[in-house]
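In what follows, a structure is listed as structure tokens, so that the remarks can point back to it.
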Amino acid sequence: MKPILSAAALTLLVSSSAFAQSFQIPDRIEQLSPKARETVNITLDGPLLRLASQFMGADEQEIKQIVSSLKAVHVRTFEFDRDGQFSEGDVESIRAQLRTGWSRIVDAREEGEHVEMYVKHDTEQLGGLVVIATERKELSIVHIDGPINLKQLSLLGGHLGIPSGVIPK
């Protein structure tokens, strides 16, 4: 998946403006948990997000600064024992929300892996990001809501439950 993510990093530099729209992880996705062997469900918004940033070390000051301007971070990761435990229809329920007000800036496929990145703009800056990463037995969704600088985006990988390989460096 690293070649896909490298291509995604380059593509992040080019995106179009769109009218901002809120995003929620659909109930259909939340209902995949019982089927999964392993799950991660992180929802940090408002005061909880600020509280989580207080547990970061002094060497992570730049990350604390990024987090201070965010509205929310939502991460859902599902690992399944076998193929077919989630469907294209499950992922389509996410894409349907992203058709209005969001711009898909990455759509990369490689041998059973698929990564999509969507951004929304609030006036002059990036106002949100959604990453959908699928493999045969794995589904990951990351939603970052709030203003963020593209150059700083990769710093969030490995923090606040965001898998380090999902957001390109």
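The values are calculated or read from the model by the stated rules, or taken from the named source; none is laboratory data. All of these numbers come straight from a predicted model, not from anything done at the bench.
I'm checking my understanding of the structure. Among residues of the range 6-44 that are β-branched (Val, Ile, Thr) and in a loop (DSSP other than H, G, I, E, B), which one is modelled with the highest pLDDT? Spell out how you get there, then give the answer.
First, the residues of the range 6-44 that are β-branched (Val, Ile, Thr): 11, 14, 25, 29, 39-40, 42-43.
Restricting the remaining residues to those that are in a loop (DSSP other than H, G, I, E, B) gives 14, 25.
Details: VAL14: 31, ILE25: 90.
Ranking the candidates gives ILE25 first.
Does at least one position in the range 58-80 carry a residue that is part of a helix (DSSP H, G or I), among the small types (Gly, Ala, Ser) and at pLDDT below 90?
So the first thing to find is which residues in the range 58-80 are part of a helix (DSSP H, G or I), and the list is 58-68.
Remaining after also requiring among the small types (Gly, Ala, Ser): 58, 68.
Pick out the ones that are also at pLDDT below 90 and you get 58, 68.
Within the range 58-80, one or more residues are part of a helix (DSSP H, G or I), among the small types (Gly, Ala, Ser) and at pLDDT below 90.
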